[in-house]
1. Restricting to region 45-64, count the residues that are farther than 26 Å from Asp109 by Cα, out of contact with any Ser or Thr (no Cβ under 7 Å at 6 or more places or on another chain) and exposed (fewer than 14 other Cβ atoms within 10 Å of the Cβ).
2. Please specify each residue of region 92-143 satisfying the condition of being among the charged types (D, E, K, R), in contact (Cβ under 8 Å) with a residue 24 or more places away in the chain and surrounded by 12 or more Cβ atoms within 10 Å (Cβ to Cβ).
3. So which of Glu83, Glu55 ends up being touching a strand residue (DSSP E or B) at 6+ places or on another chain (Cβ under 8 Å), closer than 28 Å to Cys33 by Cα and in contact (Cβ under 8 Å) with a residue 40 or more places away in the chain?
Amino acid sequence: MGAVTDGEKATIVRNSEIIESCGVDERQFDAVCNEELAEIERRRERYLGNRARAEVKDEVVIVVDDGIATGATILAVVRAVRERKPKELVLAVPVAPLDTIKKLHPEVDAIVCLDTPEELGAVGYFYRNFHQIGDEEVIATLKRFPTNRVVHASDGS
């Protein structure tokens, strides 16, 4: 029925078609948003602790997703990133429906999408292995990549 991101101000994207077809009222929607914001905070604390957010102002930001279905979640993400004033915002995704890509184009500076099937079904159908990533793997990966790490093209570090 939508998606929410945290930040200085929460970004909320509503999927009106789903909300109307399921008969979700404003109170129910707000309750779910609050639950999701609490879950985001729980994960932020677990995954990042006191690690500072990456500074993205005036930087090229590439948002990568494993696949897009309706686009509500990624729309919330790119809007939240746009609020942080990047120099350029690029969306990279291996698979998404063409109509969803068209809806996202005005929100970003560029989109790289490898496959735009007419019938997506589910993102997982496009992977040999689409297992869920556990908390410990997320934490270990984030520890390997410090905030605002400078990568030099010449030496790969």
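Laboratory data are not the source of any read-out in this text; all were calculated from the coordinates shown. What you see is a predicted model; the values in this text were computed from it and never measured. As a convention, Cβ positions derive from the backbone with ideal geometry for all residues, glycine included, and neighbour counts pool all protein chains shown.
1. 4
2. Quick first cut of region 92-143, residues among the charged types (D, E, K, R) only: 99, 102-103, 107, 109, 115, 118-119, 128, 135-137, 143.
Narrowing the set further to residues that are in contact (Cβ under 8 Å) with a residue 24 or more places away in the chain leaves 103, 107, 135.
Listed by number, the residues that qualify are Lys103, Glu107.
3. Values: Glu55 fails: touching a strand residue (DSSP E or B) at 6+ places or on another chain (Cβ under 8 Å).
After ruling out the rest, the residue left standing is Glu83.
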